[in-house]
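Okay, structure first, notes after.
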Amino acid sequence: MKHGRFTIGAMYGVIGLFMIYIFWMFLLNGVENAPMVKGKMEDRNFSVSTWKWFFYPHILLGTISLAIGPFQLTKLSQKKIHLHKRLGKVYAVAIFINILMVPYLTLSATGGKGSTIAFLILDLFWLWTTSMGVIKAAQRKIPAHKEWILRSYAITWVFVTFRVVMIPLLIFLEKSLAFPLAVYLGIGINLLFIEWRNRKNKRVRKNGEINSIHPIV
């Protein structure tokens, strides 16, 4: 129990730091002054005013998805079925809308074509895992639903993992390599962890100790 609460607390701590980073980097001083955006503005075909219409909803919806995830893992959420379902719908809708934003944003992705391809692949993983989670819920296949939603949240968490991994990569690599590599590593690290967790819970379920993926708080 205490371990579970620590995990949820740690996740929200990281999400809080991520929100502070987003606010400081893109909102406090204006998005035009962010180093990443300044690089894009060197391209004469780049329209920062149009880009904002996609970027602001992207980070808002992404943050909402991140914030909902940990609570949905708790016993409190899963005891309150109606609340769990409503938050699940908000989570899924936020992602599906965000998925539509990503293709435009990838056209001016830092790092060039390699980054564009990497972010589009990330977008496809997001669509696939979240869609499967929704489909399994509609089919009332709850164990499968939980597994797919955890995969979906692992992809959502790439919002964070990507930025953490990118820091050391930029020390040694050019942006054209560091950015796409950080995306692929984020996907790989997060999904491998979730697959390990899913397999672990399947073994426990077979032993009759718990039913499906147990809430961690």
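The values are calculated or read from the model by the stated rules, or taken from the named source; none is laboratory data. These figures come from a predicted structure and were not determined experimentally. Heads up, the Cβs are rebuilt from the backbone with ideal geometry, glycines too, and the neighbour counts pull from every protein chain shown. Keep in mind that these areas ignore ligands, DNA and RNA; they rest on the heavy atoms of the full protein, side chains included. Shrake-Rupley method; radii C 1.70, N 1.55, O 1.52, S 1.80 Å.
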If you go through TRP24, TRP51, the only one that is loosely packed, with under 14 Cβ neighbours inside 10 Å and modelled with pLDDT under 95 is TRP24
Given the condition free of Cβ contacts under 8 Å to residues at least 60 places away in the same chain, open to solvent by 60 Å² or more (accessible area, probe 1.4 Å) and closer than 25 Å to GLY9 by Cα, answer yes or no: does some residue in the stretch 66-80 qualify? yes
For the stretch 145-154, check the following and say yes or no: at least one residue is touching a Phe, Trp or Tyr at 6+ places or on another chain (Cβ under 9 Å), of a type in the set (A, V, I, L, M), crowded, with 18+ Cβ neighbours inside 10 Å and within 24 Å of ARG86 (Cα to Cα). yes
Among all residue pairs at least 6 apart or on different chains, which show Cβ distances below 7 Å where the first residue, located in the stretch 26-42, is under 14 Å from ILE59 (Cβ atoms) and the second is not in a helix (DSSP H, G or I)? PHE26/ALA34; MET36/THR110
Test: GLN78 is in contact with a His (Cβ under 8 Å, 6 or more places away or on another chain) and farther than 23 Å from HIS58 by Cα: yes
Among the residues in the stretch 82-94, are any among the aromatic types (Phe, Trp, Tyr) and under 16 Å from VAL158 (Cα atoms)? yes
Counting only residues in the stretch 107-131 that are part of a helix (DSSP H, G or I) and over 16 Å from the mean Cα position of the chain (by Cα), the one surrounded by the most Cβ atoms within 10 Å (Cβ to Cβ) is identified as SER115
Within the stretch 155-168, of all residues that are open to solvent by 40 Å² or more (accessible area, probe 1.4 Å) and among the β-branched types (Val, Ile, Thr), the one farthest from the chain's Cα centre (by Cα) is ILE167
What are the residue pairs meeting all of these: first residue in the stretch 197-211, first residue assigned to a loop (DSSP other than H, G, I, E, B), second residue modelled with pLDDT under 75, Cβ atoms under 9 Å, and 6 or more apart or on different chains? ILE210/ASN201; ILE210/VAL204; ASN211/ARG205
Pairs, first more than 29 Å from GLN78 (Cα to Cα) and open to solvent by 20 Å² or more (accessible area, probe 1.4 Å) in the stretch 88-104, second among the aromatic types (Phe, Trp, Tyr) and assigned to a helix (DSSP H, G or I), C-beta under 7 Å, six or more apart: MET101/PHE54; TYR104/PHE54
